[in-house]
Amino acid sequence: MKQENISVVILAAGKGSRMKSSKAKVLHTISGKPMLYYIIKESRKISDDVTVVIAHQKEAVIESMQNYFEDINFVEQDAKNYPGTGGAMMQVEPKHDKVLVLNGDMPLITSDALKGFLELEADIIMSVFDLENPDGYGRVIIRNNHVEYIVEQKDADDAELNVTTVNAGVYAFSKVILEQYIPDLSNDNAQQEYYLTDIIAMANEDESSIVPLLVDEEQFKGVNSKKDLADAEEIMQNRIHTKWMNAGVSMQLPSTIYIEEGVVFEGECIVENGCRITGESKIINSHIKAGSVVEESVVKNSDCGPMAHLRPLSNIENTHIGNFVEVKKSTLKGVKAGHLSYLGDAQIDEGTNIGAGTITCNYDGKNKYQTRIGKNVFIGSDSQLVAPVTIEDDVMIAAGTTVTSGEIKSGNLVLSRTKMRLVKDFYYKFFGKK
Ligand code: UD1
Ligand code: MG
């Protein structure tokens, strides 16, 4: 569907003061990725000329987007002298004759939803939707089926405030229109900003063709506050759940499950309620049980939880991870770790059983060290493995042992406990008989 004849401009220079945050608005994340990421991704599907306008926290915005895309065309707005969405367009030099302008705070937009702007022909095609509560949006004044002007909420009189048809914030302009009107914008309004939306009234007076395009609120939702962000998150999660359920993943109470955009499922998987799966995690033929957190990890032919925590760079295969087990940066293949353990910086091989309460002591307060455990090792409950340590195949560690020697050879038993003592009838002597 990529068009060689349309340029896209994404406005991402604003402060976003209504977010009440030190972070640039477009960098606030939805399902693990900044809002701006989604808009650029979708824009690239339809255009070979995507420009992002930046100003506020520009370095942070550039740095963040470079994690995801190469060769984005950034243009800096002179936001001090020319603030506002109109000011944002002043330095932009689009390549093509048709220019699609998107607000950077619309993370739910999809390339499919932009089709109408590509297909219709007019000097200006602008997006509108009707809202029960139009609060915060610019009102679109339409008379006799004719768009006359857009008035921002802060500039609107009572009659205009009652209008429920609002500007969704996406427009396709002919380049000529932009070149003609942008230099004439003024900042004579409540916010003393240069409004891109003022072009509509100017073009209308000159009898240019302005076509309103009715769009779906869900796709064109603007995020201006933390509440909007949470609402958009819910919609995005719903999309992610639907996509994976359609691919065969079973989810119990999906509304309680959080899955980030980069997560991939393969084969037949079950995700129980209350799970959180983040980063570029990959879940293959596995069962993630209630309340578990999987971060940036691979889980293959395994089950995990309830209430297990796989921290980044864990690689679990043919393994059972039970409740209250925390794994970090470890590879477990064919292992059983059923209860209450911390396994960090470890490599554990087939047939090995990790007893309840086993802890890899991977940190000495200065550095982190590795633990290697071979095949068919039996680690008794409540053992500590002080890293660096290598336990070869076929070793038995008795319950309660602290392994401090760096290398345990095959076939051995390791046992470190204080000897048990039995004091006969001590209880009765101390408490007396009841
Ligand atoms: C804007 C529209 C409003 C519309 C709404 C839809 C204007 C004047 N108003 O209002 O009619 O209903 O979007 O969501 O356009 N930006 C810049 N530079 C700036 C200011 C903003 O690049 O100087 C960027 C922001 O980063 C943001 C986008 O433009 O991504 C929109 O700015 P925002 O302040 O959210 O505009 P709204 O008040 O929502
Ligand atoms: Mg907005």
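The values are calculated or read from the model by the stated rules, or taken from the named source; none is laboratory data. All figures in this text were calculated on a predicted structure; none of them were measured in a lab. A quick note on method: Cβ atoms are made from the backbone with ideal geometry, for glycine too, and the neighbour counts reach across all protein chains shown. The protein model used for the area step is the full one, side chains on, heavy atoms only, and it has no ligands, DNA or RNA in it. Shrake-Rupley method; radii C 1.70, N 1.55, O 1.52, S 1.80 Å.
Taking 7 Å steps out from each Cα toward its Cβ at residue 245 and residue 226 produces label points 3.0 nm apart. In the chain, the longest principal axis of the Cα atoms and the axis of helix 35-46 are about 60 degrees apart. Working note: 222 nm ellipticity from helices only, DSSP H runs with n ≥ 4, each -39,500 (n - 2.57), summed and divided by the residues of the chain, gives -5000 deg cm²/dmol to the nearest 500. A simple spin-label model places pseudo-atoms 7 Å from Cα toward Cβ; at residue 144 and residue 318 they are separated by 7.9 nm.
How big is the gap, in Å, between the Cα center of region 288-324 and the Cα center of region 5-82? Cα centroid to Cα centroid, the span is 35 Å.
When DSSP beta bridges are restricted to pairs lying wholly in the chain, around 20% turn out antiparallel. Need one word for region 183-247: rounded, prolate or oblate. Basis is the Cα gyration tensor (sqrt eigenvalues a ≥ b ≥ c); a/c below 1.5 gives rounded, then a/b vs b/c decides. Oblate is the answer for region 183-247, as a/c is 1.5 or above yet b/c matches or exceeds a/b. GNM remark for the chain: springs join alpha carbons under 10 Å apart, and the peak mean-square fluctuation among 137, 342, 363 falls on 363. Would you please state which residues of region 341-369 a label at residue 413 would reach in this model, taking the label point 7 Å out along Cα→Cβ and a backbone N cut-off of under 19 Å? Residues 353-356 fall inside that zone. Accessible surface computed residue by residue for the chain, with neighbouring protein chains in place and a 1.4 Å probe, gives 49 Å² per residue.
The local environment of residue 146, defined by Cβ-Cβ distances under 14 Å, has a net charge of -4 under the rule Lys, Arg +1 and Asp, Glu -1.
Computed over the Cα atoms of the chain, pair by distinct pair, the Kirkwood hydrodynamic radius stands at 25.5 angstrom.
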